[in-house]
Amino acid sequence: MPYVRNAWYVAAWSCDLEVAKPFAISILGEPVVLWRSETGQLNALEDRCVHRLAPLSLGRCEGEALRCLYHGLLFARDGKVLEIPGQNLIPPNAKVRAYPAVDKHDWIWVWMGEAALADERLIPPAVGVSEPDWILGHGQLDYAAEARLICDNLLDFSHLTYVHAASFGAGPEFADHLPMITPLERGVRVARWLSNPVGSPRNPHGAPMEAFQSYDFLIPGVLLMWSGNYPAGTAAKLGSVAPEMMDAVSGVNFTSQAVTPLAEGKSRYYFSWGPHVRDGDAQKRDIMMGMAGQAFAEDKKMIEAQQQVIATSPGARVMPTVHDKGITLYNRLVEKLAKSEFELLESAA
Amino acid sequence: MPYVRNAWYVAAWSCDLEVAKPFAISILGEPVVLWRSETGQLNALEDRCVHRLAPLSLGRCEGEALRCLYHGLLFARDGKVLEIPGQNLIPPNAKVRAYPAVDKHDWIWVWMGEAALADERLIPPAVGVSEPDWILGHGQLDYAAEARLICDNLLDFSHLTYVHAASFGAGPEFADHLPMITPLERGVRVARWLSNPVGSPRNPHGAPMEAFQSYDFLIPGVLLMWSGNYPAGTAAKLGSVAPEMMDAVSGVNFTSQAVTPLAEGKSRYYFSWGPHVRDGDAQKRDIMMGMAGQAFAEDKKMIEAQQQVIATSPGARVMPTVHDKGITLYNRLVEKLAKSEFELLESAA
Amino acid sequence: MPYVRNAWYVAAWSCDLEVAKPFAISILGEPVVLWRSETGQLNALEDRCVHRLAPLSLGRCEGEALRCLYHGLLFARDGKVLEIPGQNLIPPNAKVRAYPAVDKHDWIWVWMGEAALADERLIPPAVGVSEPDWILGHGQLDYAAEARLICDNLLDFSHLTYVHAASFGAGPEFADHLPMITPLERGVRVARWLSNPVGSPRNPHGAPMEAFQSYDFLIPGVLLMWSGNYPAGTAAKLGSVAPEMMDAVSGVNFTSQAVTPLAEGKSRYYFSWGPHVRDGDAQKRDIMMGMAGQAFAEDKKMIEAQQQVIATSPGARVMPTVHDKGITLYNRLVEKLAKSEFELLESAA
């Protein structure tokens, strides 16, 4: 399955990008070097010197520029070579690719497609870990698995009953009910009422409660979810209409998650989670992050094992179930967008 | 070289298959999950969920069935899907392959070919480790080598003089003499008289002795060997006729060994060895297993090195010697059987 | 890029080849076993038994011959099989390839091409570590990189300014000046005057000095370099003529280095370095080797990272700079020699 290129991929946590320290990542199999100059400018270049293909990420930041520390070529932030030691003439084609990059919501986002089409409005509205309304923990995991498999996992929460019985404590009734699935322009919305809220044993309430949880799963692999607890009967009263988040009487929390394809069979998974300031504190956040840590290790074990089976099963095909509606909608969107990108490239060529 | 599929492959020691605990193995590159239900029923399925290809071996036994712990599909022992959470209709093609599996001679045997042809009479007559007539130790080794190379090794014992001089103590005279080779319907018999018995320095006898050892090497890679010591002159008296095992005056012992191809370049080697109750005890068994442990490590070192050379020598061909008669007969049988299986599949298609 | 086969490759340090102990190495992807017989004879054979392709390097030296310790075939030093246990007739084609091998300058050199063309005069005139005129340390490093990339590195010292600023202490002026490049029959000569000698902070002189350094880089990847310090003004006086080595007033030193392609993406790098007896002692040698150890680790880090980038950049091409003149000359020579070798083989076939 293809990936969309005209999209913003999470490449790092903002806090992990130190000033004047090159940061290497591979996205969609392309080596990218990120750096933040001393004036605070964020830059992203192809991580491959034009000269002898050494990685620029082993280089040195000099003002706004980046010097390759193999033979000293100096690159401007637009990718053009500014200096070649011992040589006066700089060939006009001496440049590497520059990627649009934005620091937003405490993530570094890199646009992997046509630079002219990079539109910051397409950056998914994640909640940054430094947002004052929320008390968020964060972490990341590297997977020996295709990013697509992690996206599939996040688009079908029925696995909570089976993969996460021990961590999130979901019971069989969770997988027995189907969520509401709504197509979005750049993704899919998945929402559900839980009469027996996930995690409720750990969040006891005096009065009967029901929880609502809703997430948008957005191109190229970003999950943004909030949950909250409502008085019993709210679901029946509202019908299929979603409640207002801050009408919840307790338990409002938010998680932002992003899946980045590093290379074939390799991915990085970023996540933050925690309560709204109204409904929790650092201790609650730490309990939630402890659960998440256990749960995401459960996912990783299953998905990496699934990847191994797929790798040794060239002809095998999936058999979607009724729970795959979100996956199918999302993957069709990916295929449609990837196809139109490809056709655009073809017609331009 | 091909492998025979219509054959019983050793997939585990019986004692390693705990009740209600799925056991994963790859045989001939196919992922297989084995489990023993609470009623004692032995089951073997394709280890790949029909839904999203997760391994069923990460699943949970429920009565006679096995539940995938990714999204909860439940599989009957014949491979059919019994339940899909949240979905009433089970598609008729929702099933994985079931493999005939038998627990016999303290090994779990799996039939990798056409299920209709599975015939328990084709299970090689190994001596189980729990057989009361024998005092057997057992072990196993994983190889980074093709199973075929281990079979070749076992079919030509002339390597004892060179690979196992330090462990089994075979001298040059061992490699200088050719064994008697007899074709069998499903393998090859290799028998020899040893006037200077292997291991004799460790098994001194008052009177001059000669030893007889005979093994059948059977499809798909099972070696069954007994040895025993006879009064000097027995060989000459019997000519080429094999002696009766229990006519031996001492030293009767038995080893069952099996080579299972896990995947390309990967194999598992199972072995048991020990004396007949008449001729030894646990201490003798432990001495023999100590020798075997040293010897099989010697084999592994040589065969894995051989595999490395072969892997980097695409065009290189073997040059059989006079000692390769058993190998040649056996490999021709494998090729003949594999070819006829292939033709049967072709004509059915 | 191809490699030249009709050339002497360094296969080991002489001192690492113990008497009657087989030594394994892969050169240009071919497994080679070296051994020194008890009479001192040096031998090199294809490390792959004719019988079942086991490595002869797991074998045993017997007089001038080498016995395979899998099934006991005995090989003469010309590669012919002398004995097959249990078999009287030796097939005439029972032989492995023998490689010309020479012990010279404290290195073992193996000729990988047409044996008839092996000419000892083509062995590069390295300075052996046991030469009494020099006080040399030595070492080696294995690279997860193509040998070609290490050769490229050694043919363009402008990287000293960037890769080795911390170890060899080269400043920007080093990369700003071009060396004198002279084509040789089997390589390239690279020479330069340094008004601010590399390492000078560690080698202070009372009077102003300038250093001359000159190296020959020779097929198939051997660097032979000497340096020395001269009174300021010598460069101007001599023009482009090289000074006599022993006219140097101090600091005369020599390094021999060799790059051997083990297999695709794998190389071994051998090096010795130290002062002339007139200009230094064991302590000076140790200081130099300490610097070299740090510097060669810097190279390895950069070159292995470069290899990784190249491995994931199928279409990427290099863009030579003015400093690549030596690389270009040398690589053209390699291509020319490899092409003529290939044509010779074609016409012979």
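The values are calculated or read from the model by the stated rules, or taken from the named source; none is laboratory data. If you're wondering where the values come from, they're calculated on a predicted model, not measured in any experiment. Positions of Cβ are generated from backbone atoms using ideal geometry, with glycine treated the same way; all protein chains shown enter the neighbour counts. The accessibility values were calculated without ligands, DNA or RNA, using every heavy atom of the protein model including side chains. Shrake-Rupley method; radii C 1.70, N 1.55, O 1.52, S 1.80 Å.
Relative contact order of chain B, please, whole-number percent, based on alpha carbon pairs below 8 angstrom and at least 6 residues apart.
It comes to 18 percent, rounded to a whole number.
Hey, what's the Kirkwood Rh for chain C if you take every pair of different alpha carbons, in angstrom?
Result for chain C, one decimal place: 21.9 Å.
By how many degrees, 0 to 90 and rounded to 10, does the Cα axis of helix B:282-311 deviate from the longest principal axis of chain B?
That works out to roughly 70 degrees.
If I fit a long axis through the Cα atoms of helix C:325-348 and take the longest principal axis of the Cα atoms of chain C, what angle between them do I get, 0 to 90°, rounded to 10?
Tilt relative to chain C: about 20 degrees.
Just to verify a number: FRET efficiency for residue A:16 and residue A:41, C-beta to C-beta distance, R0 = 22 Å, to 0.05?
0.80
Counting pairs of Cα atoms in the range C:125-179, how many percent are more than 12 Å apart?
75 percent
Placing one identical point scatterer on every Cα of the protein assembly as shown and ignoring solvent, what is log10 I(q)/I(0) from the Debye formula at q = 0.07 Å⁻¹?
Values returned for q = 0.07 Å⁻¹ are -0.89.
Charges only on Cβ, +1 for Lys and Arg, -1 for Asp and Glu: so what's the dipole of chain A about the Cα centre, in debye to the nearest 20?
420 debye
Taking a ≥ b ≥ c as the square roots of the Cα gyration tensor eigenvalues, with a/c under 1.5 meaning rounded and otherwise prolate when a/b beats b/c, else oblate, which class fits the range B:295-337?
Note, shape of the range B:295-337 comes out oblate.
Full extension from residue C:277 to residue C:316: what is 0.36 nm times the residue separation minus their Cα-Cα distance, to one decimal in nm?
Length gained between residue C:277 and residue C:316: 9.3 nm.
Counting other Cβ atoms within 10 Å, which GluC sites (Glu not before Pro) in the range A:210-310 have at most 16 and lie in a DSSP loop?
A:244, A:264
Between residue B:78 and residue A:176, what's the calculated FRET efficiency when r is the beta-carbon distance and R0 is 25 Å? Round to 0.05.
According to the calculation, E is roughly 0.50.
Kindly provide the helix-only [θ] at 222 nm of chain C, computed as the sum of -39,500 (n - 2.57) over DSSP H runs of four or more divided by all residues, to the nearest 500 deg cm²/dmol?
Taking each H run of at least 4 residues, the total per residue is -7000 deg cm²/dmol.
Write down the percent of antiparallel bridges among all DSSP beta bridges whose residues are both part of the range A:1-142, to the nearest 5.
The answer is about 95 percent antiparallel.
Which residues make up the longest stretch of chain C clear of trypsin sites (Lys or Arg not before Pro) that lie in a DSSP loop with no more than 15 other Cβ atoms within 10 Å, not counting the sites?
C:98-277
Select from A:14, A:2, A:209 the residue farthest towards the positive end of the dipole of chain A; place +1 on Cβ of Lys and Arg, -1 on Cβ of Asp and Glu, and compute about the Cα centre.
Of the options given, the answer is A:2.
Subtracting the Cα-Cα distance from 0.36 nm times the residue separation, let me have the gained length for residue A:184 to residue A:207 in nm, one decimal.
Result for the pair: 4.8 nm of gain on full extension.
Could you pull out the GluC sites (Glu not before Pro) across the range C:1-96 that fall in loop regions by DSSP (anything but H, G, I, E, B) with no more than 12 other Cβ atoms inside 10 Å?
Counting only loop positions with at most 12 other Cβ atoms within 10 Å, the GluC sites (Glu not before Pro) in the range C:1-96 are C:18, C:38.
With only Lys, Arg, Asp and Glu charged, each at its Cβ (+1 for the first two, -1 for the last two), find how big the charge dipole of the range A:223-349 is about the Cα centre; round to the nearest 20 debye.
Its charge dipole is roughly 180 debye.
Considering only protein heavy atoms, what is the solvent-accessible area of residue A:15 at a probe of 1.4 Å, reported in Å² to the nearest 10?
Residue A:15 exposes around 90 Å² with every protein chain in place.
Suppose every K and R has +1 on its Cβ and every D and E has -1 on its Cβ; what is the size of the dipole of the range B:1-153 about the Cα centre, in Debye to the nearest 20?
Here the range B:1-153 has a charge dipole of around 600 debye.
How much of the pair distance distribution for the range A:206-271 lies past 14 Å, counting alpha-carbon pairs only, in percent?
Percent of Cα pairs beyond 14 Å in the range A:206-271: 63.
Of the options C:110, C:157, C:240, report the single residue whose Cα projects farthest towards the positive end of the charge dipole of the range C:110-264 (beta-carbon charges: Lys, Arg +1; Asp, Glu -1).
C:240
By its C-alpha gyration tensor, with a ≥ b ≥ c as the square roots of the eigenvalues, how is the range C:1-68 shaped: rounded for a/c under 1.5, else prolate for a/b larger than b/c, else oblate?
It is oblate, given that a/c is not under 1.5 and a/b is not larger than b/c.
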